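One structure is given here, and the rest of the page talks about it.
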Amino acid sequence: LKSMIRIYIIEDHEQFIVTGIKRMFSSPSREGITVVGSSPTIDAVLEAIDEGSFDLLILDLWLQNRLPLQNFRRLKIRFPDKPIIILTMEESFKWQQRMFKEGAFAYIKKTAGKEDLKSAIEMAMRGEKFFPSDLKQVEKNKDNLSKKKFGKFLTPEIEEILTLLSQGYNHKAIADHLGVSESKIDKVLKELREKFGVNNSLELVLQLKNLNKKDSQSE
């Protein structure tokens, strides 16, 4: 029999969000996923639950104390072997990058459907990262792209812009670092998004990583 995945939710809007997730997985025997508990604060989790009572944590990025990185790190120290999924309304690319860098297995919007959340949970339990469904087309199309095809766009300056972007710098910080106008950074990234057929900066960085990986494997 398939083992049950036990999730614990840390969310300060428990009545709405937690109830909604419980409703999604209201048939644990069919879904293979069950909500075993929830808490509104990190302190409550650290004090109230034992690592043997759950398999995976779902964490709201912005709890009332508003310390996302500290919250995440405290959980990782206390439960180093438990996957953590971020569930949030925060759309910032910077925060997505930061949380994946910290070790999150997924960064999911609270408006996401059951399919995405279930996939994220199941992949995290296999030790795999999950990216939202709007990035799946980018992954699917990576074999149709080549660095050679877009080589003329990937100048040293653009490579540096993309490197800074992947490290979480915003457009203004990149412009200040390179000594150029913010409007120039906006224009360069807009042109790259159009050339690569992506919708936002996160997709762009992921696409470049795919191309770099593909090039290194072919060498």
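The values are calculated or read from the model by the stated rules, or taken from the named source; none is laboratory data. As the structure is a prediction and not an experimental result, all values here were calculated from the model. All Cβ positions, even for glycine, are placed from backbone atoms using ideal geometry, and neighbour counts span all protein chains on display. For the accessible areas, the whole protein counts, side chains as well, though only heavy atoms, and no ligand, DNA or RNA atoms are used. Shrake-Rupley method; radii C 1.70, N 1.55, O 1.52, S 1.80 Å.
A few remarks follow.
- P(r) of the range 1-115 over all Cα-Cα pairs, binned every 5 Å from zero, in whole percent: 2, 11, 23, 26, 21, 12, 4, 1, 0
- Structure note, pairs K76/K195; K114/K172; K94/K118: Cα-Cα distances above 32 angstrom occur for K76/K195; K114/K172.
- Cβ-defined net charge surrounding I77, 14 Å radius [Lys, Arg +1; Asp, Glu -1]: +1
- Share of carbon and sulfur in the accessible area of the range 1-136 stands at 50%, probe radius 1.4 Å.
- Ranked by the mean number of other Cβ atoms within 10 Å of their residues, highest first, the peptides 86-98, 66-78 fall in the order 86-98, 66-78.
- Listed by chain and number, the aspartates and glutamates whose C-alpha is less than 15 Å from the C-alpha of K184, apart from same-chain residues fewer than 8 away, are E157, E159, E160, D176.
- Per residue accessible area in Å² of the range 32-134, where ligands, DNA and RNA are left out and the probe is 1.4 Å: 47
- Computed from the C-beta positions of F16 and N170 and an R0 of 35 Å, the FRET efficiency is 0.70 to the nearest 0.05.
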